[in-house]
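Asker: Have a look at the structure that comes next, please.
Bear in mind these aren't lab numbers, they're just calculated from the coordinates by the rules spelled out. Quick caveat: nothing in here was measured; it's all calculated off a predicted structure. Methodologically, a virtual Cβ is constructed for each residue, glycine included, from the backbone with ideal geometry; neighbour enumeration extends over all protein chains shown.
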Amino acid sequence: MFSLLSLMFRYLLILLIYLFIIGIIRMIYLDIKSMGGAISDGTSYLKLINRKDTLSFKIGEVYVLEKDVSIGRGTQNSIVLRDPYISKNHAKISLDENEFFLEDLNSVNGTLVNDIKVEDVVKLKDGDRIKFGQVEFLFVKGD
């Protein structure tokens, strides 16, 4: 009787260990999947640098850049950021002759590119860090 009970507990423990390992693998998969990853089809985009859990508002990991993209707190913007340090109409990113340009729209707290305040229209380069309020993005230029 004791050997049968011991065998059952042994198999139960092995089953629990396997379930635990499967749970960890599933969490790792979901975490990697939620990172958004790089867009590999030649599209230019903004990739969130901040950790999402450090921000008090919802935000996407990746924002694809089209011809003209407006950024701000207002709902009419292409990219809506509910950060209290961002103006209603904060900035604009425009595409001209296959180059992207960033313009601050006289926002209260300003826009930073590579920790330098934007005073005029700035041409964006691949790898530029753009900061709007508490939110920081990495600019990735597609081919």
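Asker: How large is ³J(HN,Hα) for each residue in the range 110-117, as worked out from phi by the Karplus curve 6.51 cos²θ - 1.76 cosθ + 1.60 (θ = phi - 60°), to whole Hz, x for Gly and Pro?
Answerer: Calculated HN-Hα couplings, in order: x, 10, 10, 10, 6, 6, 10, 5 Hz.
Asker: Moving on to the next point. Determine, for each peptide in 66-73, 113-120, the mean count of other beta carbons within 10 angstrom over its residues, then list the peptides with the highest first.
Answerer: Output ranking for 66-73, 113-120: 66-73, 113-120.
Asker: Over what distance in Å are the Cα centres of the range 86-111 and the range 7-31 separated?
Answerer: About 49 Å separates the Cα centre of the range 86-111 from the one of the range 7-31.
Asker: Which FRET efficiency value, to the nearest 0.05, is calculated for residue 30 and residue 121 with the Förster distance at 35 angstrom and r the Cβ-Cβ distance?
Answerer: The formula returns an efficiency of 0.30 here.
Asker: I need the phi-derived Karplus couplings for the range 66-83: 6.51 cos²θ - 1.76 cosθ + 1.60, θ = phi - 60°, integer Hz, Gly and Pro marked x.
Answerer: Listing the rounded values in order: 9, 4, 10, 10, 9, 10, x, 7, x, 5, 7, 6, 5, 10, 9, 10, 7, 5 Hz.
Asker: Given points 7 Å out from each Cα along the Cα-Cβ axis, report the residue 95 to residue 14 separation in nanometres with one decimal.
Answerer: Calculated label separation equals 5.7 nm.
Asker: Using the Karplus equation 6.51 cos²θ - 1.76 cosθ + 1.60 (θ = phi - 60°), what ³J(HN,Hα) coupling, rounded to whole Hz, does each residue of the range 94-99 give in order, writing x for Gly and Pro?
Answerer: 10, 9, 9, 6, 6, 10
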